[in-house]
Amino acid sequence: MIDWTRLNALKADIGAVDFADVAQLFVSEIDATLTRLADAPDRATPADFHFLRGSAANLGFEALSQLCSTAEEACKTGATPDIAAIAQVFHASVAVIASDLPKPDAA
């Protein structure tokens, strides 16, 4: 599910503090895109899944990246991508790396 080599390389390249910020930004952007796609699946485009695939690959979310690649190709052929499956794998991936993400403020 997670390419730990990629995730750890990113963390080593930018440092743990910056990694937490970058990872949180990616997670937030992926979540927002998936929410938008779930609300209007008929408006999904190959570009949406290309963006998701790239973000997922940057974080080492291997399974998510593969599903997004499949969805990107599905969109190109007019097929309906399985947004629910993508969202499920996204949330499972986030849960796996949760200890590397900043905790929300308890305000």
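Looking at this structure, is Ala20 among the aliphatic types (A, V, I, L, M) and touching a Pro at 6+ places or on another chain (Cβ under 7 Å)?
When the stated conditions are applied, Ala20 passes them.
How about segment 28-49: which of its residues are assigned to a helix (DSSP H, G or I), out of contact with any Leu (no Cβ under 7 Å at 6 or more places or on another chain) and among the hydrophobic types (A, V, I, L, M, F, W, C)?
If the condition is that a residue be assigned to a helix (DSSP H, G or I), out of contact with any Leu (no Cβ under 7 Å at 6 or more places or on another chain) and among the hydrophobic types (A, V, I, L, M, F, W, C), then Ala32, Leu34, Leu37, Ala38, Ala47, Phe49 are the ones that fit.
Checking the condition surrounded by 15 or more Cβ atoms within 10 Å (Cβ to Cβ) and at negative phi, which residue from Ala32, Ala16, Ala23 passes?
Ala23
Could you say which residue among Ser93, Ser99 is surrounded by fewer than 12 Cβ atoms within 10 Å (Cβ to Cβ), of a type in the set (Gly, Ala, Ser) and in a helix (DSSP H, G or I)?
Exactly one residue qualifies, and that residue is Ser99.
Restricting segment 50-90 to residues that are out of contact with any Lys or Arg (no Cβ under 7 Å at 6 or more places or on another chain), outside any helix (DSSP H, G or I) and in contact (Cβ under 8 Å) with a residue 12 or more places away in the chain, which is surrounded by the most Cβ atoms within 10 Å (Cβ to Cβ)?
The qualifying residue surrounded by the most Cβ atoms within 10 Å (Cβ to Cβ) is Phe61.
Read-outs throughout are calculated quantities, based only on the coordinates presented, and are distinct from any laboratory measurement. Given the structure is predicted, the values throughout are model-derived calculations rather than measurements. Counting neighbours? That spans all protein chains shown, and the Cβs are built from the backbone with ideal geometry, glycine included.
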